[in-house]
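Asks: Right, I'll just put the structure down here and ask away after.
Every read-out reported here was derived from the displayed coordinates using simple, explicitly stated rules and does not represent laboratory data. None of the values given here were measured: they were computed from a predicted structure. Virtual Cβ from ideal backbone geometry, glycine too; neighbours counted across all protein chains shown.
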Amino acid sequence: MAQKKQFESKGMVYEPAEDTFLLYRAALAEARPNDSVLEIGCGKGLICCNMASKVRTVLATDLNPHAVRITRESGVPTVRMDLFRGLKAKFDMVLFNPPYLPTSEEERIDGWLNYALDGGPSGRETIERFLEDLRSHLSPQGRALLLVSSLAGLKEIEALAIAAEWNFTWVASERHFFEELRVLKLF
């Protein structure tokens, strides 16, 4: 039965890749045992499932119902939602690997996987929405780790963080053939 469910979700949920692993390593380095953690866009749950034993609490969210089901079946409380919509709680650490690929109308793909990839024409549309709502969901000493790609414009993302009045620092990076991945810590 588990194999059938995995097969049914194949191609509908983002497969963990370089960006997922970079964010996971940064989250491990940042995690404190007493943290309450929110992972937005949990996908198949690799990060939140592995973080659950290292922090006080973990809540995962995703817009994709297949991702929610997979992660929930792994034992992590998971809710289907768009970013912070409907969420009232505050967290010590928020993790997010957003859709960051610059995507034109013609490049969009059908189905749930598009929501994990399509960052709008600039690659920053979802990142902008995240930065707008983040502050009201962080505890007083809270921080967020945001995975970003050079494809979405690193300087432009810094400018968005400055405009939203965030303190920030780059805490991890990796170069790949066609992009540089970085983790931006916001506090």
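Asks: Amide H of G120: which non-local residues (sequence gap of 5 or more, or other chain) have their own amide H closer than 5 Å, using H built in the peptide plane?
Replies: T103
Asks: Of the residues N64, N97, N34, which exhibits the maximal mean-square fluctuation in a Gaussian network model of the chain defined by a 10 Å Cα contact cut-off?
Replies: Checking each option, the largest mean-square fluctuation is seen for N34.
Asks: Of the listed values (1) 69, 38, 30; (2) 100, 46, 38; (3) 48, 44, 32, identify the label whose number matches Cα extents along the principal axes in Å calculated from this model.
Replies: It is the value labelled (3).
Asks: Once you've got the GNM for the chain with C-alpha springs shorter than 10 Å, pick whichever of R124, R32, R85 has the biggest mean-square fluctuation.
Replies: Most flexible of the set in this elastic network: R85.
Asks: Oh, and also: How would you classify the stretch 53-135 from its alpha-carbon gyration tensor, with a ≥ b ≥ c the square roots of the eigenvalues: rounded for a/c under 1.5, else prolate if a/b is greater than b/c, otherwise oblate? Numbers along the way, then the final one.
Replies: Values: a/c = 2.46, a/b = 1.47, b/c = 1.67.
Taking the square roots of the gyration eigenvalues as a ≥ b ≥ c, the stretch 53-135 is oblate.
Asks: Moving to a separate point now. Can you give me the C-alpha center-to-center distance between the stretch 54-132 and the stretch 168-184, rounded to a whole angstrom?
Replies: Each part reduced to its Cα centre gives a spacing of 19 Å.
Asks: Separate question: Calculate how many DSSP beta bridges within the chain are antiparallel, expressed in % of all such bridges and rounded to the nearest 5.
Replies: Working: 13 of 31 bridges.
So the antiparallel bridges in the chain amount to around 40 percent.
Asks: Would you mind ranking K155, K90, K44 so that the residue whose beta carbon has the fewest other beta carbons within 10 Å leads the list? Could you put the intermediate results ahead of the total?
Replies: Numbers: K155 8, K90 15, K44 20.
Sorted ascending by nearby Cβ count, the order is K155, K90, K44.
Asks: Tell me, what is the percent relative contact order of the stretch 2-186, built from C-alpha pairs under 8 Å that lie six or more residues apart? Numbers along the way, then the final one.
Replies: Numbers: 358 pairs, mean separation 37.1, N = 185.
Relative CO of the stretch 2-186 lands at 20 percent.
Asks: Provide the FRET efficiency to the nearest 0.05 for the R135-W170 pair, computing r from the beta carbons and using R0 = 22 Å. Don't jump to the answer; show the numbers that get you there.
Replies: Details: r = 20 Å, r/R0 = 0.91.
The value I calculate is 0.65.
Asks: Just A60, A144, A172 to compare: in a GNM of the chain, with alpha carbon springs under 10 Å, which one fluctuates most?
Replies: Looking only at A60, A144, A172, the largest GNM fluctuation is found for A172.
Asks: Now, a different point. Under a plain spin-label model, where a point goes 7 Å from the Cα along Cα-to-Cβ, how far apart in nm are S122 and K88?
Replies: For the pair S122/K88, the computed spacing is 3.3 nm.
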